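Engineer: Got a structure for you, questions after.
Laboratory data are not the source of any read-out in this text; all were calculated from the coordinates shown. Note that the coordinates shown come from a computational prediction; the quantities given were computed from them, not determined experimentally. Positions of Cβ are backbone-derived with ideal geometry, glycine not excepted, and every protein chain shown enters the neighbour counts.
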Amino acid sequence: MTDTVGTRAALRPGWSHDRHEENGERTMIEVGGLTKRYGDVTAVEDLTFSVAPGHITGFLGPNGAGKSTTMRMILGLDRPTVGFARVSGHDYRGLPAPLREVGALLDPTALHKGRSARAHLRWQAEAGGISRGRVDEVLGLVGLEDVADRLVGALSLGMRQRLGLAGAMLGDPGVLMLDEPLNGLDPEGIVWVRTLLQSLAAEGRTVFLSSHLMNEMEATADHVLVIGGGRMITDMSIDELVRSGAGARVTVSSPRADRLSEELLRFGATVTERDGDRFTVTGLDAADIGGLAAQYGLPLHELTPWRPSLEDAFMTLTRDRGRHRGADLSRAKESTR
């Protein structure tokens, strides 16, 4: 079997965000003043944010920035030193049926290699009070029906990612938290996961996603949180981040370059990298430049916008933040155990 499969239907036709709202619950993640210290090392410092339903929220940061620690605290695996993390208005440990509220994938390699894929999910289902019939549903959803009785240790990393996703969706939860779910997937598998997550968000679920694959995050997420050195750097939409983080520009060429440059400067643009009739403009977009040229009857031979990528914006924002923290945090965690 390959690691690719066509996009399938949504988790379950009966799932409804409204049923949580009717019960007074908020299918969202809320974090306030969240801080985690290991001895003298601060892994996460004073994080406050919310992850709303109906969107895919990306969680970005350099290695050692505190992303995994934050996710572990939200899921009750680590206790905060200060602050709180709530899911659907409750601490995770206080949820009456955690698997039905929150689906999580943190480490696809942390699976019992001596169990079959089906047995692994049946064990999870039994622990969460979920019917065995749901196991076959999610195996079909992630395309693992043909290898359901194969030992986990014999599965490729991509298949284990799919198994981890199946486990996260087992309880048909309103909130999904996924740490690097695209690792080990081939291009078709990545597109499949992207499409699946977008369909889940469209149903009104809360999707919180961490990934180092910037191109995929830009294609998948609506909103993004960026942290560095354990602190919040920015909390905004992908479009806002890209626009603000790396400076969009437009390449312009005109036989009336001198006059056009004068008019652009007068309207607040910045003109740089002049080379004969060709120059670069920042501060105005291509439509504004084209309209201005038409207004003054100035011919254009080139009008090429350059839009920075999420990776460009991310590198600008996180430069020198959180660098080399990974080893320090690992040592600090070991020393406090």
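Engineer: Rank the residues Lys67, Lys113 as a footprinting-exposure proxy: fewest other Cβ atoms within 10 Å of their Cβ go first.
Structural biologist: Sorted ascending by nearby Cβ count, the order is Lys113, Lys67.
Engineer: How much length is gained if the chain between Leu300 and Asp239 is pulled fully straight, taking 0.36 nm per residue apart and subtracting their Cα-Cα distance, in nm to one decimal?
Structural biologist: Extending this stretch completely gives an extra 19.2 nm.
Engineer: Roughly how far apart, in whole Å, are the Cα centres of region 69-113 and region 115-129?
Structural biologist: Spelled out, the Cα-based centre of one part sits 19 Å from the other.
Engineer: May I ask you to derive the relative contact order of region 249-306, considering only C-alpha pairs under 8 Å and at least 6 residues apart, and to give it as an integer percent?
Structural biologist: Relative contact order here is 50 percent.
Engineer: Ordered by packing density, taken as the mean number of other Cβ atoms within 10 Å over each peptide's residues, highest first, how do 231-238, 144-151 rank?
Structural biologist: By packing density, highest mean first, the sequence is 231-238, 144-151.
Engineer: Under the classification rounded if a/c is under 1.5, otherwise prolate if a/b is larger than b/c and oblate if not, where does region 249-306 fall, given a ≥ b ≥ c as square roots of the Cα gyration tensor eigenvalues?
Structural biologist: Because its axes are fairly even, with a/c under 1.5, region 249-306 counts as rounded.
Engineer: Still on this structure, please answer the following. In debye, nearest 20: dipole of region 83-133 around its Cα centre with unit charges on the Cβ of K, R (+) and D, E (-)?
Structural biologist: Rounded to the nearest 20 debye, it is 240 debye.
Engineer: Now for a different question. Magnitude of the Cβ-charge dipole of region 173-243, K/R +1 and D/E -1, about the Cα centre, nearest 20 debye?
Structural biologist: Computed charge dipole of region 173-243: roughly 180 debye.
Engineer: For the chain, modelled as a Gaussian network with Cα springs under 10 Å, which listed residue fluctuates most, Arg307, Arg93, Arg274?
Structural biologist: Highest fluctuation among the options: Arg274.
Engineer: Quick check: from the Cα gyration tensor, does region 152-195 come out rounded (a/c under 1.5), prolate or oblate?
Structural biologist: Oblate is the answer for region 152-195, as a/c is 1.5 or above yet b/c matches or exceeds a/b.
Engineer: How large is the charge dipole for the chain, taken about the Cα centre, if only the Cβ atoms of Lys, Arg (+1) and Asp, Glu (-1) carry charge, to the nearest 20 debye?
Structural biologist: It comes to approximately 1140 debye.
Engineer: Can I ask one more? Subtract the Cα-Cα distance of Arg115 and Arg278 from 0.36 nm times their separation in residues, and report this length gain in nm to one decimal.
Structural biologist: Gain in length upon complete extension: 52.2 nm.
Engineer: At 0.36 nm per residue, and after removing the present C-alpha to C-alpha distance, how many nm does the segment from Ser131 to Arg37 gain when stretched out fully?
Structural biologist: Value of the extension gain: 29.9 nm.
Engineer: Under a 10 Å cutoff between Cα atoms, tell me which one of Thr42, Thr220, Thr304 has the largest fluctuation in the Gaussian network model of the chain.
Structural biologist: Of Thr42, Thr220, Thr304, the most mobile in the Gaussian network model is Thr304.
Engineer: OK, next. Looking at the chain, what % of its DSSP beta bridges pair antiparallel, to the nearest 5?
Structural biologist: Antiparallel bridges: around 65 percent, rounded to the nearest 5.
Engineer: Report the dimensions of region 87-200 along its three principal axes from the alpha-carbon atoms, largest first, rounded to Å.
Structural biologist: Per principal axis, max minus min of the Cα coordinates gives 37, 28, 23 Å.
Engineer: Let me ask something else about it. Short version: ³J(HN,Hα) in whole Hz for each residue of region 77-84, in order, from phi by Karplus 6.51 cos²θ - 1.76 cosθ + 1.60 (θ = phi - 60°), x for Gly and Pro, what are they?
Structural biologist: Going residue by residue, I get 7, 10, 8, x, 6, 9, x, 9 Hz, with x marking Gly and Pro.
Engineer: Counting C-alpha atoms alone, how compact is the chain: give Rg to one decimal and Dmax as a whole number, in angstrom.
Structural biologist: Both quantities, over Cα of the chain: 23.9, 75 Å.
Engineer: Got a sec? How would Phe208, Phe84 order by Cβ neighbour count within 10 Å, fewest to most?
Structural biologist: Phe84, Phe208
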